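The values are calculated or read from the model by the stated rules, or taken from the named source; none is laboratory data. This structure is a prediction, so every number in the text was calculated from the model and none was measured. So basically every Cβ, Gly included, is an ideal-geometry build from the backbone, and we count neighbours across all protein chains shown.
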Amino acid sequence: MKIKENILELKDDIKKYSPNPEKVLLLPTTKYVDALGVLEVVKAGCKVVGENRVQALEEKREILNSLGEKDIKWHFIGNLQKNKVKYIAPYIDMIHSVNKISLAKEIDKRAKQNNRRIDVLLEVNISNEESKEGYSIKRLYEELPDLLKLENINICGLMTMAPFTYEEEDIRKVFSDLLKLKDQLNKRYFNGKLVELSMGMTNDYKIALFEGATILRVGSKIFK
C-alpha cells in the first residue's frame, strides 16, 4: 500500500478541484484497516481519522493509545445507535451522522455528563433513497426547533452520501442541493454558523470538492 503517495495525490486534487482548498479536511476512513493502518495515515500527516463502528473505534483507539498516539482526533461517520453514544462521548471530536432528534438528545445528554460540547453534523438524505439513513428535508425542518434547544451539541454542518450511480449529473445535483440547503439554514436559523459539508468519497470526491465539500470521507483510495 502506497498510503503516503495516495494521500499526497488526494491533497493535490483538493487544491485542484476545491474553490476553497484551505477549508477542506481529508478524513481517512479506517473501516477496512486495523490500528496499524491508522498509524500509517497518521505518519503520513493525517491526524484526524473517521470510523464507522463504535467497537472498532474503541479497539483501534486503545491500541494506538498504548503506542503513544494519543493526539489522534476521531470522527464517527457511521450509523450510530443510541446505546453506543456513551462509549465515545468522552473523546469523540465530531459525529457526522445525527439523523433523528432522539439520537441528538442522547448525544447532548452524554456530552453534558462529560462536561463537553460535541460537534455534530446533521445527516440529510438529499436523494430520498429508501436504502439510506438521514433526514428528509421535511423532517429536518420539523425537528430543527428541538435540535436548536440542545446546549451540549454544536451543529456545525451537514452530511450526505451520493446515490450509487455512474450518472455524474445525479451525483452533482445531490451535492449542490446539500450546499443550497446549508445556505438556506444559515440564513434562517444558524446565522452563518453551519460551515461544514461532509460529502464525497473515493468514487465521487472530485465532484464533491467542486460543489463545496469541506470534509472528504475517503477510504479505499488511500488504502488500495
Find the residue count for the range 174-224, including only residues that are in contact with a Gly (Cβ under 6 Å, 6 or more places away or on another chain) and in a helix (DSSP H, G or I). 3
Pairs where the first residue, in the range 30-44, is among the polar types (S, T, N, Q) and the second is buried (at least 17 other Cβ atoms within 10 Å of the Cβ) and outside any helix (DSSP H, G or I), C-beta under 8 Å, 6+ apart: 30/49; 30/50; 30/51; 30/219
Of all residues in the range 37-57 being among the β-branched types (Val, Ile, Thr) and outside any strand (DSSP E or B), which is surrounded by the most Cβ atoms within 10 Å (Cβ to Cβ)? 41
What pairs come up if the first residue lies in the range 100-116 and is among the acidic types (Asp, Glu) and modelled with pLDDT under 95, the second is in a loop (DSSP other than H, G, I, E, B) and surrounded by fewer than 17 Cβ atoms within 10 Å (Cβ to Cβ), and their beta carbons are under 7 Å apart, counting only those six or more places apart or on different chains? none
Which number in (1) buried (at least 19 other Cβ atoms within 10 Å of the Cβ); (2) aliphatic (A, V, I, L, M); (3) modelled with pLDDT under 95 marks the one condition that residue 1 misses? (1)
Which ones in the range 62-87 are free of Cβ contacts under 8 Å to residues at least 60 places away in the same chain, surrounded by 17 or more Cβ atoms within 10 Å (Cβ to Cβ), closer than 20 Å to residue 39 by Cα and aliphatic (A, V, I, L, M)? 64, 72
Matching strands (runs of 3 or more DSSP E) fully within the range 58-157 where at least 3 residues are of a type in the set (A, V, I, L, M) and touching a strand residue (DSSP E or B) at 6+ places or on another chain (Cβ under 7 Å): 94-98, 118-123
So which of 150, 144, 122 ends up being buried (at least 17 other Cβ atoms within 10 Å of the Cβ) and under 20 Å from residue 25 (Cβ atoms)? 122
Scan of the range 1-10 for residues that are assigned to a helix (DSSP H, G or I) and over 18 Å from residue 197 (Cβ atoms), ordered by number: 3, 4, 5, 6, 7, 8, 9
